[in-house]
Amino acid sequence: MRRELQITREPITETSLVNARQMSAGMGAAVYFTGVVRVQEEGRDIHAIDYEAFEEMARHQFELLFQQMEKRWPIESVRLVHRIGVVKVNEASLWVEVVAPHRGEAFAACQFLIDEMKRLVPIWKKPIA
Amino acid sequence: MTIQVHFYSYFKELTGTERVMQELPDGSTLGELHRQLIVRFPKLEPMRKSTLLAVGVEYQGLDHILQDTDEVSLFPPVQGG
């Protein structure tokens, strides 16, 4: 399984990421998810979220999740971009893509990765009013 | 032994620092380190049960026995995405 992980302070450019997709002839599903900063956080209006990561551990924990995905589903590739630093409302903070032979495993693997990231990967957010 | 401890997220505000050195008897566990840190930084007490602890880049339980060169990190529940 090919994996690509970026933890970056740069904006997420979805069109560039989609254009860079590589799929072999046996792959029938590319599922991607974009997480965007909402104007409300815990009931209060905000204008941005400041993301902090323990980056070395975050990379390691993502790699452990990729290994679990590889064991469970016949995935060809996973790509994940997570922003750190200040991300304004309406901007993307997370982009995840899974390429697999069929949609079922692609959706399931994408959901698994995001759910487990939210449980295990050391990234935190601080809302900015 | 001396353990280097890192704090992340709002634990930095609760303790007023990003990093401290903590002296412990040889053979101490992660749980004993956590107790010592709560004595030293009482504002960590309300977060005792939800605190996540890592040694290096791996999560570890409170019964993990520490080594002199370990770097330990304490942080609140993660919130990526």
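The values are calculated or read from the model by the stated rules, or taken from the named source; none is laboratory data. Everything numeric in this text was worked out from a predicted model, so none of it was measured. Here the Cβ is made from the backbone with ideal geometry for all residues, glycine too, and neighbour counts use every protein chain on show.
Can you say whether B:V20 is within 14 Å of another protein chain (Cβ to nearest Cβ) and of a type in the set (V, I, T), as far as the supplied structure shows? Spelling it out, it is not the case that B:V20 is within 14 Å of another protein chain (Cβ to nearest Cβ) and of a type in the set (V, I, T). Of the strands (runs of 3 or more DSSP E) lying entirely inside the range B:1-56, the ones with 3 or more residues being touching a residue at least 40 places away in the same chain (Cβ under 8 Å), out of contact with any Cys (no Cβ under 6 Å at 6 or more places or on another chain) and within 17 Å of A:P122 (Cβ to Cβ) are found at B:2-7. Is it fair to say A:W124 is at pLDDT 95 or above, in contact with a Pro (Cβ under 9 Å, 6 or more places away or on another chain) and among the aromatic types (F, W, Y)? Criteria met by A:W124. Residues considered: A:L94, A:L65. Of these, the only one that is more than 10 Å from chain B (Cβ to nearest Cβ) and of a type outside the set (V, I, T) is A:L65. Apart from one condition, A:H60 fits all of (1) over 30 Å from B:E71 (Cβ atoms); (2) within 10 Å of chain B (Cβ to nearest Cβ); the exception is (1). Among the residues making up the range A:42-67, a single one is within 21 Å of A:M23 (Cα to Cα) and among the polar types (S, T, N, Q): A:Q67. In the range B:46-61, of all residues being surrounded by 13 or more Cβ atoms within 10 Å (Cβ to Cβ) and over 29 Å from A:V87 (Cα atoms), the one that is farthest from the other protein chains (Cβ to nearest Cβ) corresponds to B:Q60. The residues listed here are A:F107, A:F54; of these, the one that is of a type in the set (F, W, Y) and within 14 Å of another protein chain (Cβ to nearest Cβ) is A:F54.
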